[in-house]
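No value in this document is a laboratory result; all are computed from the given coordinates. Please read these numbers as outputs of a predicted model, since none were measured by experiment. Because the Cβ atoms are built from the backbone with ideal geometry, glycine has one as well, and the counts that use them run over all protein chains shown.
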Amino acid sequence: MLLFIYALGRSLPLLVVGTFTGLVKKVDRLQVWSDISQRISGVILLLLGLWFLWDKILH
């Protein structure tokens, strides 16, 4: 479920840009936010993985 939500969040901007071709010029400005969101998502995924592993070890 988490991977589905992550994939949906990553593909939604591409679908919007593909639908509205006038937004293609604004994609360059979104690159900074894309990098930031990738790093934040990566940290969240790592923390969730560690939490699941920790929970599995304790039980």
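Spacing of the modelled spin labels on L45 and H59, each 7 Å from Cα toward Cβ, amounts to 2.4 nm.
Here the range 2-58 is treated with +1 on each Lys and Arg Cβ and -1 on each Asp and Glu Cβ, and its dipole about the Cα centre works out to around 160 debye. If r is the Cβ-Cβ distance from I5 to L30 and R0 is 22 Å, what FRET efficiency results, to the nearest 0.05? The formula returns an efficiency of 0.65 here. Give me the angle, in degrees from 0 to 90, between the Cα long axis of helix 27-58 and the longest principal axis of the Cα atoms of the chain, rounded to the nearest 10. Long axis of 27-58 versus the principal axis of the chain: about 10 degrees.
Working note: Debye formula, equal point scatterers on the alpha-carbon atoms of the chain, no solvent; log10 I(q)/I(0) at q = 0.24 Å⁻¹ is -1.00.
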